[in-house]
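Worksheet: one structure, shown below.
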Amino acid sequence: MKLKLARPLAIFDLEATGLNISKDKIVEIAIIKINPDGTEETFTARINPEINIPDEVVEIHGITNEDIKDCPTFKDLASKITSFIGDADLGGYNSNKFDIPLLAEELLNAGSEFDMSKRKFVDVQNIFHKKEQRTLAAAFQFYCQSDIVNAHNALADTEATWKVLNAQLEKYPDLEGNIDFLADFSKGGNLNILDFAGRLAINEDGDAVYNFGKHKGKTVKQIDVEEPGYYGWFVSESTDFPKYTKQKLKQEMDKIKAEKLLQNQPKEVKPKVNKVEDNLSMEDKLAALKSKFGK
């Protein structure tokens, strides 16, 4: 079964300085954009993260500090990246947990207003784990009967991910070849995650809830009443929560504040109606007024 697209799908991979979404930075990005007509476009770039790449990370992806010292920063490239992606949905391998939240964080840091809210996200790893429970290299071997050449190179991993997705569609007849189905199927867990990091979610009643720690499962509205200082702590600069997560929580709190304002507004006082006068003709009403004011 071939993939059926209503709009482009941008499959991408990031190499970074580490795995901490709120602190680490992108050093390489590669994107393959698949258009609805089947044509493909490629974008790849190395990026100066403006922080040191640890030796243990260099050993994984092979990108040294010397390699990227003269490369543009993410802020320099942000508009090119968002322009290339356009209105495309996003896909990758482990992208829901790492690549998409890190990209969102970098875009916020760069001051970009790139809207993530109306896109679908297809995580090929989640599809793979639900079907076979393996890694990208094993997935490529399993589905494509080959080894990844130059693994942990962003473009090589992106190409492998795109080939694995195509092979998955061919292998599993129950996988529908449309983005709505694949995005839903490749979600992790049962809750509808509100932010990419999974700290916030939407429960079955449609309410925003905290998805971690002592308030896990409790609604944002409930905690605003029981522990009003929790929100301030959450969004403060002292915490390591991703900026995108803080942004989504702020949006939920704005909704709660708006609801409170509506509830506290004074109810409209309707003027009393004189039932007798209301049934009088216009001439009788005028006569009554003249009599009342002595005219």
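Considering only residues that are of a type in the set (Lys, Arg) and modelled with pLDDT under 95, look in segment 1-50 and name the one that is farthest from the chain's Cα centre (by Cα). This residue is 2. If you filter segment 196-209 down to residues that are in contact with a Phe, Trp or Tyr (Cβ under 7 Å, 6 or more places away or on another chain) and modelled with pLDDT of 90 or more, you find that the one that is surrounded by the most Cβ atoms within 10 Å (Cβ to Cβ) is 200.
Among residues of segment 105-148 being without any contact (Cβ under 8 Å) to a residue 60 or more places away in the chain and aliphatic (A, V, I, L, M), the one that is surrounded by the most Cβ atoms within 10 Å (Cβ to Cβ) is 139. Among the residues of segment 189-235, those that are part of a strand (DSSP E or B) and closer than 19 Å to residue 119 by Cβ comprise 192, 193, 200, 201, 202. Taken over segment 230-269, the criterion of being hydrophobic (A, V, I, L, M, F, W, C), free of Cβ contacts under 8 Å to residues at least 12 places away in the same chain and closer than 25 Å to residue 110 by Cα is satisfied by 233 alone. Among residues that are touching a residue at least 60 places away in the same chain (Cβ under 8 Å), farther than 17 Å from residue 104 by Cβ and assigned by TED's automatic domain parsing to the domain that holds residue 104, residue 34 is included.
Is it the case that residue 182 is surrounded by fewer than 21 Cβ atoms within 10 Å (Cβ to Cβ) and of a type in the set (A, V, I, L, M)? Criteria not met by residue 182. Reported count of residues in segment 38-52, each being closer than 25 Å to residue 23 by Cβ and among the polar types (S, T, N, Q), is 3.
Please determine whether any residue of segment 1-18 is part of a helix (DSSP H, G or I), surrounded by 12 or more Cβ atoms within 10 Å (Cβ to Cβ), in the same structural domain as residue 98 (by TED's automatic domain parsing) and not aromatic (Phe, Trp, Tyr).
Among the residues of segment 1-18, not one is part of a helix (DSSP H, G or I), surrounded by 12 or more Cβ atoms within 10 Å (Cβ to Cβ), in the same structural domain as residue 98 (by TED's automatic domain parsing) and not aromatic (Phe, Trp, Tyr), which makes the answer no.
Here the condition is being on the phi > 0 side of the Ramachandran plot and at pLDDT below 95; of 94, 126, it holds for 94 alone.
The values are calculated or read from the model by the stated rules, or taken from the named source; none is laboratory data. Here the structure is a predicted model, which means the values were calculated and not measured. Here the Cβ is made from the backbone with ideal geometry for all residues, glycine too, and neighbour counts use every protein chain on show.
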